[in-house]
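Every read-out reported here was derived from the displayed coordinates using simple, explicitly stated rules and does not represent laboratory data. Here the structure is a predicted model, which is why all the values come from computation and not from measurement. Here the Cβ positions follow ideal geometry from the backbone for every residue, glycine too, while neighbour counts run over all protein chains shown.
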Amino acid sequence: MNTVLLQILIISVSLSIDALGIGISYHLKGVKITKLSRAIIAMMSVIIMYTSLKIGAFLAAVFPETVIQIIGISILVLIGLTFIRNSIFGDENQIYDFDKSKTIDFWEAFILGIALSADAFSAGIAASAIGIGGSIMPFTVGFMQIAFLSIGGILIDKSQLMKKLNRKVCGVFSGFLLILIAILRTMA
């Protein structure tokens, strides 16, 4: 597997792993995320990541390569640190089931998709600026969103250990992955 593809996978996992925490916590609270809702969330991720990669490519064409590399690496580190800080001190109990129906409907999925993809916007700009991206990345992020949302519920049913795993652990892990990518890009 080539280095860029591996970096795309790591970034996609780190941007989507909070979906694992959502899948776990929603399943524990009895909130169902339907297949259609997961597809909407993934679609939002693809759109947001695609847009951010295009913005990053534009910035890379306008600014000198060294400047844009420093900016891109800095953004990845800042996002990683933000993930860690928010995971430790943030609220992990945000529920997007606004109507209390115990099912995430179309509009709730749309809003949840934006929330899960907010960090992807900055990360996409950064990734594109430092030479990671391409047409596969938005779809990889979208696929990972669906996978982690689905896996969260499945793992709860199968494992007692997963019941103890919360969004804090997922967020800290995601943050470290993004910082790792930034460090690896400085050595490239």
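Counting only Cα atoms, the chain measures 51, 32, 30 Å along its principal axes, largest extent leading.
List the residues of the range 8-32 whose backbone N lies under 20 Å from a point placed 7 Å from the Cα of Ile154 along the Cα-to-Cβ direction. Answer for this model: 9-10, 12-32.
Length available on full extension from Thr82 to Ser135: 0.36 nm per residue minus the Cα-Cα distance, which gives 16.4 nm.
Across the chain, how many lysine pairs, 8 or more apart or on two chains, come within less than 16 Å at their alpha-carbon atoms? Walk me through the numbers on the way to the answer.
Working: Lys29/Lys100; Lys29/Lys102; Lys29/Lys163; Lys29/Lys164; Lys32/Lys100; Lys32/Lys102; Lys35/Lys102.
So the count of such lysine pairs works out to 7.
Using Cα pairs under 8 angstrom and six or more residues apart, how large is the relative contact order of the chain, in percent? It comes to 49 percent, rounded to a whole number. Please identify, among Ala39, Ala120, Ala61, the residue showing maximal mean-square fluctuation in a Gaussian network model of the chain using a 10 angstrom Cα cutoff. The residue with the greatest mean-square fluctuation here is Ala61. Dipole size of the chain about its Cα centre, with +1 on Lys/Arg Cβ and -1 on Asp/Glu Cβ: approximately 420 debye, rounded to the nearest 20. Legend: calculated FRET efficiency, Ala115 to Val62, from the Cβ-Cβ distance at R0 = 25 Å, rounded to 0.05, equals 0.25.
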